[in-house]
1. Given the conditions (1) buried (at least 22 other Cβ atoms within 10 Å of the Cβ); (2) more than 15 Å from the chain's Cα centre (by Cα), which single one is not true for residue 109?
2. When the range 136-170 is examined, which residues are found to be more than 12 Å from residue 92 (Cα to Cα), surrounded by 20 or more Cβ atoms within 10 Å (Cβ to Cβ) and either at pLDDT 90 or above or not acidic (Asp, Glu) (or both)?
3. List the pairs whose first member sits in the range 107-135 and is farther than 18 Å from residue 52 by Cα and polar (S, T, N, Q), whose second member is assigned to a loop (DSSP other than H, G, I, E, B) and open to solvent by 20 Å² or more (accessible area, probe 1.4 Å), and whose Cβ atoms are under 6 Å apart, counting only residues at least 6 apart or on separate chains?
4. Quick test for you: out of 103, 97, 159, pick the one residue that is of a type outside the set (Ser, Thr, Tyr), within 18 Å of the chain's Cα centre (by Cα) and not in a strand (DSSP E or B).
5. Within the range 44-68, which residues are in a loop (DSSP other than H, G, I, E, B), in contact with a strand residue (DSSP E or B) (Cβ under 7 Å, 6 or more places away or on another chain) and over 17 Å from residue 121 (Cβ atoms)?
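The values are calculated or read from the model by the stated rules, or taken from the named source; none is laboratory data. Quick caveat, the model's predicted, so the values are computed rather than measured. Methodologically, a virtual Cβ is constructed for each residue, glycine included, from the backbone with ideal geometry; neighbour enumeration extends over all protein chains shown. Side chains included, ligands, DNA and RNA excluded: accessible areas come from the protein's heavy atoms. Shrake-Rupley method; radii C 1.70, N 1.55, O 1.52, S 1.80 Å.
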Amino acid sequence: MPNYSGIWTRTQQMQATAAGNWTTPSYWIATLSGSGYDYGEGVGLDGAGNIYVAGIITGSNFLLTKYSALGVIQWQRKLGTCTDNGRGNILAVDSSGNSYVVGTIDEAGNLNLILFKYDTSGTLQWQKKLTGASTEEGYGVAVDSSSNVYVCGSTDSQGAGSNDALIVKY
C-alpha cells in the first residue's frame, strides 16, 4: 500500500428492526481521513461487483482504491500528482475489470491530461499523456466493448486555441 497521510476505513452500523432486534444493514461506509482535504471524484463497478473509487488525498495526489462488493479494501494505488485546477480522478472500468483514471497534472507550469490503466490486480498497465504548448485537461473517460478508451476534456493548444472541447480515442 502506498505511503500517504490518509487511510480509507470501512464502517458498518447497526440498525433496529420494528421488532426491536438489531441487524446489520446492507450498506457500508468508507471514509478517507487525512490531515488536509481528501475527497472522492469517481466511482466504477466491474462485472464481479467490485467497486473502484478514484479521489484526491492531501498533497494533491491521485488515489485509486478497489473494494470488494462487501466493502473490503482489495488494493490502493497512489497515481502521482494532480493540480488544484484539474478536474482529475474520473474513472471507468471495462468488462475485464481494468480501471482507467483520467486527470490533469502540472508539469513545469503546463497542465497536461494524463490517463492511467490498471489491471484488476492493481498493476499499472500503461499511462498516456496529452501535452501541448498550453493547457490540456481531462474531464471524462469511457471504454467501449472493443477496449477503445475515449477521453474528453478541454485544450488550449489544439483547435482554435482557447478552451476548446477535446475528445481523444486511444
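1. Checking residue 109 against (1) buried (at least 22 other Cβ atoms within 10 Å of the Cβ); (2) more than 15 Å from the chain's Cα centre (by Cα), the one that fails is (1).
2. Result: 138, 153, 154, 155, 166.
3. Note: pairs meeting the criteria are 112/131; 134/156; 134/157; 135/156.
4. Values: 103 fails: not in a strand (DSSP E or B); 159 fails: within 18 Å of the chain's Cα centre (by Cα).
It is 97.
5. Initially, the range 44-68 is screened for residues in a loop (DSSP other than H, G, I, E, B), giving 46-50, 58-60, 68.
Checking the rest, the ones that are also in contact with a strand residue (DSSP E or B) (Cβ under 7 Å, 6 or more places away or on another chain) come to 46, 50, 60, 68.
If the condition is that a residue be in a loop (DSSP other than H, G, I, E, B), in contact with a strand residue (DSSP E or B) (Cβ under 7 Å, 6 or more places away or on another chain) and over 17 Å from residue 121 (Cβ atoms), then 60 is the only one that fits.
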